[in-house]
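The values are calculated or read from the model by the stated rules, or taken from the named source; none is laboratory data. Just so we're clear, the structure is a prediction, and the values are computed from it rather than from any experiment. Neighbour counts are summed over all protein chains in view; Cβ atoms, including those assigned to glycine, are modelled from backbone coordinates with ideal geometry. Heavy atoms of the whole protein, side chains included, go into the accessibility calculation; ligands, DNA and RNA do not. Shrake-Rupley method; radii C 1.70, N 1.55, O 1.52, S 1.80 Å.
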Amino acid sequence: MAFDWFWKAMGSSPNKNQKKSKAVVEQADSSRFSAMTDDELRDAATSAIVRGSSGDEHGERPAYVKEASQLLGALREVASRTLNLPPFDVQMQGTYRLLHGDVVEMATGEGKTLAGAMAAVGFALQGKRVHIITVNSYLAGRDDRWMGPMFDFFGLSHGAIHEDLTTDERRNIYQRDVIFGAINELGFDVLRDQLITRREDAVRVDADVAVIDEADSVMVDEALVPLVLAGSEPGPAPAGQITDLVKRMVEGEHFNVSEDQRNVFLTDDGAEFVERELGIESLYGTAESGSAGNAGSAGNGGDSGHSGNGGTADDAGQTLVQINVALHAEHLLTRDVHYIVRDGKVALIDGSRGRVADLQRWPDGLQAAVEAKEGLAVTDGGRILDQITIQALVGMYPEVCGMTGTALAARDQLRQFYGLDVSVIEPNVPTQRFDEQDRVYVTAAERDAAVIEHIVEVQKTGQPQLIGTQDVAESERIADQLVLAGVECSVLNAKNHEAEAAVVAEAGRPGKVTVSTQMAGRGTDIKLGGAQEQDRDEVVEAGGLRVVGVGRFRSERLDNQLRGRAGRQGDPGSSVFFVSLEDDVVAVGGAGEELQAQPEADGRLPQKKVLQFVDHCQRVTEGQMLDIHATTWKYNKLVKDQRDIINDRRDVLLDTAAAWDDLSYHNVDKAAQLQKQGIPQDVLEQAAREIMLYHLDYQWSEHLAYLDDIRESIHLRAIARESPIDEFHRMSIAAFGDLAETAVRKARETFDTVVITEDGAQLDDLGLHKPSATWTYMVNDNPLSSGGGSVMGSIANMFR
Ligand code: ADP
Ligand code: MG
């Protein structure tokens with residue numbers, strides 16, 4: 001680890017707390033607590049804690065754990081009684097560090113669910129509301145049911161958030177002391193609550209603490225994934241002629257694809273070709289003035305807005321954007337890798353997790369471009385109402401802690417982006433897993449052949465195997481080849497978490513072969529011999545679970561997540577990765593470098609320098625990922641800060657009569673007339689509120705669209721080597737400056753003309769429809785292989 005010396009110098013070794021944790025846990029001797037009655041136990045736990053108070057004559061008093069050993073000792077006894085899981089010492093150490101706000105590293109199968117739930121009790125007894133964030137909704141429900149009896153024991157209310165709940169059910173659950181939920185579900189509620197027009201419509205309540213399971217996945221790998229809330233409204237789609245045009249363009253002549261496959265650049269010849277074919281004067285010249293025009297229209301709140309197709313000044317700019325989007329769709333997005341076509345629709349594949357989610361869409365233009373490319377009906381683009389990244393979402397919690405099998409390798413990011421420390425907890429039983437050297441091949445085809453041969457051989461020994469692949473297409477390709485080789489296997493694509501959990505639970509059966517994408521089946525324990533460990537001895541004899549990785553992931557940490565599925569709780573197990581020089585991580589990380597080595601007859605490259613080269617390539621891509629994260633976060637942070645300002649305004653409008661005060665002062669006559677008609681004051685205030693919020697939300701949504709536009713134009717400027725992030729800041733701040741003012745001005749205009757009755761403001765009559773059919777999606781991508789839908793990747797690229 002490159003930064004080890006640095007942390008040592010800072011006195012922040014991840015192991016430095018171990019001694020203290022062990023001592024605290026040792027003092028939590030069990031005999032004292034096992035003799036207690038239930039009431040005495042509750043008493044022991046609560047009296048070990050000082051509850052916070054929000055301020056009386058003594059002022060605000062922070063909550064804290066006063067007697068850690070006493071709390072942990074009581075919790076151990078309660079877990080034994082209520083869950084029949086007497087916690088191991090290492091789980092208690094984990095709980096202790098979680099209560100200190102660390103991310104704890106505990107290997108797979110060490111029992112992080114219980115460690116996290118005990119910490120949640122510790123926080124909740126302090127009077128804090130706790131969100132335990134799980135990888136998916138299935139696990140939220142499972143963990144809530146599983147750990148529930150321990151919360152019940154303390155009279156703490158608890159529940160799980162999932163997508164099938166009604167609004168009222170959700171609202172009810174958010175009131176509880178401890179809730180489990182997947183980050184995207186919790187995030188969508190944040191976004192929806194930012195659109196309410198009556199305070200009582202709010203669904204969620206802020207929590208004090210987030211306990212994040214698989215913390216590195218959420219906080220690092222998915223940090224920049226934007227959760228998007230969109231309403232249906234037609235968006236700009238590339239015209240059919242543009243799709244046709246782009247199909248006729250030639251790589252190397254009309255456009256170039258960047259080495260890392262993340263961006264397409266139009267060449268001068270390409271631009272001329274487009275201008276000639278479409279009969280327009282200058283694509284670039286007008287693009288510049290087009291975007292300047294955008295800045296102007298956002299600034300003065302021009303009626304056409306900047307996302308419309310109408311304005312003449314925008315036409316060339318729009319064309320340029322559409323050409324870029326269509327090129328992107330045509331040359332950077334590959335069917336079955338980045339998306340699949342199912343039932344005549346484009347469904348996105350989440351590159352890193354191999355997940356197909358029905359509600360996922362790319363930003364409107366790109367989605368439409370891909371639909372056009374595939375010759376499908378182009379769907380409505382929709383309108384982005386709001387969005388938030390997972391990193392910003394995590395930032396909303398005053399206190400954060402988490403657990404994962406691979407925290408140490410994410411230490412730099414956790415520190416840099418969240419200010420969190422890592423504590424490593426030793427395994428309960430030392431690991432016996434054997435990680436073999438990579439087997440490297442020249443081509444992917446040779447590598448695949450070797451993988452299949454290997455799996456066939458291993459299966460004969462009765463050893464169960466988990467095959468880890470990079471994406472859905474690869475998992476299916478490997479599965480098909482296995483079938484041809486006469487090997488039966490189960491394939492997991494993370495399409496249905498519940499069903500796949502059941503399959504994964506059986507992945508340890510003798511001779512079983514399970515092919516999986518990275519996230520599929522995570523959180524479910526693979527017990528040797530099957531879910532009931534019925535054939536455990538046979539599998540132990542055969543060597544335990546064998547993990548076979550097809551291609552190294554874009555970071556060593558992700559490799560280790562896969563390896564970690566084997567060798568739980570001291571079980572035997574082993575892992576090996578099959579790599580090819582054509583893999584993304586090698587091609588991208590090793591771009592421009594030369595490697596000279598003589599392959600064997602089957603394409604294998606056994607040389608030590610080849611193995612070192614693969615490691616080197618992965619370190620390069622890790623560095624790139626960190627760069628992308630840092631630069632992209634700068635961009636997202638700005639949007640988040642602006643959103644916070646809007647939210648403060650929204651809060652005032654929701655909770656006070658500020659909207660009515662402003663509008664009635666602006667048009668005194670109309671206000672007086674409405675009151676004379678006998679319309680109740682609260683109806684008038686609500687009407688004013690809805691008018692004001694409508695325009696504020698509309699302007700915010702326009703602002704987001706505008707930010708998208710300037711990203712595109714900055715993309716072009718980046719070629720001219722201006723400082724893109726500064727430029728982005730300058731333009732977005734300028735546009736944001738007038739947003740609220742524009743909203744108020746528009747609200748006053750609306751107030752002048754709108755009809756207000758006992759039923760409120762008739763906004764629909766003026767065509768001011770609140771977007772009703774809202775849908776939510778995540779923009780996911782695999783920043784390495786894609787470029788594809790890699791909104792974030794391309795932004796980061798522009799900012800380099
Ligand atoms: P992790 O999330 O760390 O991979 P889990 O929380 O899923 O691990 O637990 C893995 C397995 O260990 C589960 O089957 C669980 O029942 C078992 N387990 C956890 N804690 C204990 C304990 N203290 N005693 C016995 N079994 C435990
Ligand atoms: Mg787990």
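Does G521 satisfy being open to solvent by less than 20 Å² (accessible area, probe 1.4 Å), within 16 Å of ligand 2 (Cβ to nearest atom) and free of Cβ contacts under 8 Å to residues at least 40 places away in the same chain? Quick ask: steps written out before the conclusion?
Working: open to solvent by less than 20 Å² (accessible area, probe 1.4 Å): yes; within 16 Å of ligand 2 (Cβ to nearest atom): yes; free of Cβ contacts under 8 Å to residues at least 40 places away in the same chain: yes.
It is true that G521 is open to solvent by less than 20 Å² (accessible area, probe 1.4 Å), within 16 Å of ligand 2 (Cβ to nearest atom) and free of Cβ contacts under 8 Å to residues at least 40 places away in the same chain.
Under the condition of being open to solvent by 20 Å² or more (accessible area, probe 1.4 Å) and within 16 Å of ligand 1 (Cβ to nearest atom), the residues counted in segment 385-403 number 0.
Being more than 19 Å from V209 (Cα to Cα), open to solvent by less than 10 Å² (accessible area, probe 1.4 Å) and more than 16 Å from ligand 2 (Cβ to nearest atom) narrows it down to one of V121, V130, V78, so name that one. I'd like the intermediate steps shown before the answer.
Working: V121 fails: more than 19 Å from V209 (Cα to Cα); V130 fails: more than 19 Å from V209 (Cα to Cα).
Answer to the selection: V78.
Taking segment 533-582 only, how many residues are at positive phi and assigned to a helix (DSSP H, G or I)? Count: 2. Within segment 595-611, does at least one residue satisfy the condition of being assigned to a helix (DSSP H, G or I), closer than 25 Å to F417 by Cα and basic (K, R)? No, segment 595-611 contains no residue that is assigned to a helix (DSSP H, G or I), closer than 25 Å to F417 by Cα and basic (K, R).
Selection within segment 81-118: residues that are farther than 24 Å from D43 by Cβ and among the basic types (K, R). The member of this set that is farthest from ligand 2 (Cβ to nearest atom) is R97. Can you name every residue in segment 448-466 that is closer than 18 Å to D584 by Cα and either among the β-branched types (V, I, T) or touching a Leu at 6+ places or on another chain (Cβ under 9 Å) (or both)? Within segment 448-466, just V451 meets the criteria. Filter segment 92-103 down to the residues that are assigned to a helix (DSSP H, G or I) and open to solvent by 10 Å² or more (accessible area, probe 1.4 Å) and list them by number. Q93, Y96, R97, L99, listed by residue number. Among the residues here, V754 does not qualify as modelled with pLDDT of 90 or more and in contact with an Asp or Glu (Cβ under 7 Å, 6 or more places away or on another chain). For segment 531-556, a residue qualifies if it is over 14 Å from L466 (Cβ atoms) and within 16 Å of ligand 1 (Cβ to nearest atom), and the qualifying residues are A531, Q532, E533, Q534, R536. The test for being buried (at least 23 other Cβ atoms within 10 Å of the Cβ), within 16 Å of ligand 2 (Cβ to nearest atom) and part of a helix (DSSP H, G or I) does not hold for G73.
Among the residues that make up segment 644-659, is at least one of them part of a helix (DSSP H, G or I) and farther than 30 Å from D752 by Cα? Lay out the reasoning, then the answer.
Applying the first criterion (part of a helix (DSSP H, G or I)) to segment 644-659 yields 644-655, 658-659.
Filter again for farther than 30 Å from D752 by Cα, leaving none.
Within segment 644-659 (the criterion being part of a helix (DSSP H, G or I) and farther than 30 Å from D752 by Cα), the answer is no, since none of the residues qualifies.
Take the residues in segment 499-518 that are within 14 Å of ligand 2 (Cβ to nearest atom) and closer than 15 Å to N136 by Cβ, then tell me which one is modelled with the highest pLDDT. So the residue we want is V504. Being open to solvent by 20 Å² or more (accessible area, probe 1.4 Å), in the same structural domain as E556 (by the TED database) and touching a strand residue (DSSP E or B) at 6+ places or on another chain (Cβ under 8 Å) holds for only one residue in E446, E453, and it is E446. The single condition from (1) open to solvent by 20 Å² or more (accessible area, probe 1.4 Å); (2) in a helix (DSSP H, G or I) that L165 fails is (2). Taken as a whole, the structure places D471 among residues that are more than 16 Å from ligand 2 (Cβ to nearest atom) and within 16 Å of L562 (Cβ to Cβ). Can you pull out the residues in segment 483-508 that are within 16 Å of ligand 1 (Cβ to nearest atom) and assigned to a loop (DSSP other than H, G, I, E, B)? Result: E506, A507, G508.
Here's the yes/no breakdown for (1) closer than 21 Å to E110 by Cα; (2) among the polar types (S, T, N, Q); (3) assigned by the TED database to the domain that holds A445; (4) touching a Gly at 6+ places or on another chain (Cβ under 6 Å):
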position: H497; (1), (2), (3), (4): no, no, yes, no
position: A502; (1), (2), (3), (4): yes, no, yes, no
position: P510; (1), (2), (3), (4): no, no, yes, yes
position: G523; (1), (2), (3), (4): yes, no, yes, no
position: K527; (1), (2), (3), (4): yes, no, yes, yes
position: E538; (1), (2), (3), (4): no, no, yes, no
position: A566; (1), (2), (3), (4): yes, no, yes, yes
position: Q569; (1), (2), (3), (4): yes, yes, yes, yes
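A Cβ distance below 7 Å, combined with a sequence gap of six or more or placement on separate chains, defines the contacts here; from segment 77-90, residues that are at negative phi and more than 9 Å from ligand 1 (Cβ to nearest atom) reach residues that are of a type in the set (D, E, K, R) and part of a loop (DSSP other than H, G, I, E, B) in the pairs V90/E110; V90/E426. So is V424 within 16 Å of ligand 1 (Cβ to nearest atom) and β-branched (V, I, T) or not? Yes.
Listed conditions (1) open to solvent by 40 Å² or more (accessible area, probe 1.4 Å); (2) assigned to a strand (DSSP E or B); (3) of a type in the set (G, A, S) are all met by G159, apart from (1). Sub-6 Å Cβ pairs linking a first residue in segment 400-426 that is more than 14 Å from N15 (Cα to Cα) to a second residue that is among the polar types (S, T, N, Q) and within 16 Å of ligand 1 (Cβ to nearest atom), at least 6 apart or interchain, are G405/T108; T406/N560; T406/Q561, ordered by first then second residue.
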